[in-house]
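Notes follow the structure.
Throughout, read-outs are computed from the coordinates displayed, never taken from laboratory work. All values reported here derive from a predicted model rather than from experimental measurement. Glycine gets a Cβ as well: all are built from the backbone with ideal geometry, and neighbour counts include every protein chain shown.
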Amino acid sequence: MEDPQAGGPGTNWERQAIERIATAALVEQRRARRWGIFFKMLIFIYLFALLFIGMGWVGKKDTSTGKHTALVDINGVISPNSLASADNVTAGLQDAFKDKRTQGVVLRINSPGGSPVQAGYINDEIRRLRAKYPDIPLYAVVEDICASGGYYIAVAADRIYVDKASIVGSIGVVMDSFGFTGTMEKLGVERRALASGENKTFLDPFAPVVEAHKEHAEQMIRQIHQQFIGVVRQGRGKRLKETPDMYTGLLWVGQKSIDLGLADALGSVDYVAREVIKAEEIVDFTLRENVAERLAKKFGAGVADGLARFGVFQGLTLR
């Protein structure tokens, strides 16, 4: 019998067996690792698909094989960083008019107003598209509210339809600001502002009101208000039955707005599509927000907007 210490056949057999066992164990570990990675990837893909669907990246898109009514929504405050921004609304309107199967466009509005610049951009684009596509009418349909900037946009439509309980009007301009001088005195806080121009601290919320600044701000507001009134008169024309309080910022309910010529008739989106445009099928061309934009606004633009509110003034709004 051979001595295992001598390195004979017995020793080789044991070594080979150990190597085979070790190799098999390594192969099994690798196989298990690959399967683990595979299943993890499946779970990741599944969860990612759920995220896409849940956040709006993947979803049902309106399609049409025949003639239809195109729908574009203006919902919420009209501002550069909102879904109701001029970029979003005009993009939807352009797609709606370009579609050869579009028989008419409905602009559904549910907005308290917002930026006069954004509203002006949309109004201008509506007029351009109506001139470019003269055979395609555009109607505004008001849901709960169409005030200020929302109405600034609506008057560019061929006709305005409202519900009997809709709120319409508020033809006016507001410049928001705050004053903290009394609070600063109570807290013993001293304001120190260094500026290169005598009017650089225009409407500084931490300083007493300067009468010249106030007068200048009121002049700007009046100018924008007159622009607003001009747009309303241009859009509504002889249908308006002007009253002394029409341009004072007041609001009216649906039927009263019709009586004043601010709107034309009662009607919903379905009614206008079915009875006015004669294309009952409705295709939504509203530009929707994706996940990346939502996250950017939540963690980036939202913070920046919040910080900006501590500036000289919050800005002009049509309301």
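Quick rundown of the values:
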quantity	calculated
Rounded to whole Hz, the Karplus (6.51, -1.76, 1.60) HN-Hα couplings of region 85-91, x for glycine and proline	6, 4, 4, 5, 5, 5, 4
Added length on full extension, which subtracts the Cα-Cα distance from 0.36 nm per residue, Lys238 to Ile45	63.5 nm
Spin-label pair Leu266/Arg30, simplified geometry with 7 Å Cα→Cβ offset, distance in nm	7.8
Cα-based shape type of region 98-171, given that a ≥ b ≥ c are square roots of the gyration tensor eigenvalues and the cut on a/c is 1.5	oblate
Residues whose placed amide H lies under 5 Å from that of Leu71, excluding near-sequence neighbours	Val106, Val283, Asp284, Phe285
Nitroxide proxy distance, nm - points 7 Å out along Cα→Cβ at Arg222 and Arg127	2.4
For Tyr161, net neighbour charge (Lys/Arg +1, Asp/Glu -1) across residues whose Cβ lies under 12 Å away	-3
Amide proton proximity set for Gly267, modelled H, under 5 Å, gap of 5+	Val162, Asp163
Approximate spin-label separation Leu250-Glu215, in nm, with each point projected 7 Å along Cα-to-Cβ	3.1
Peptides 112-122, 227-237 ordered by average Cβ neighbours within 10 Å, highest first	112-122, 227-237
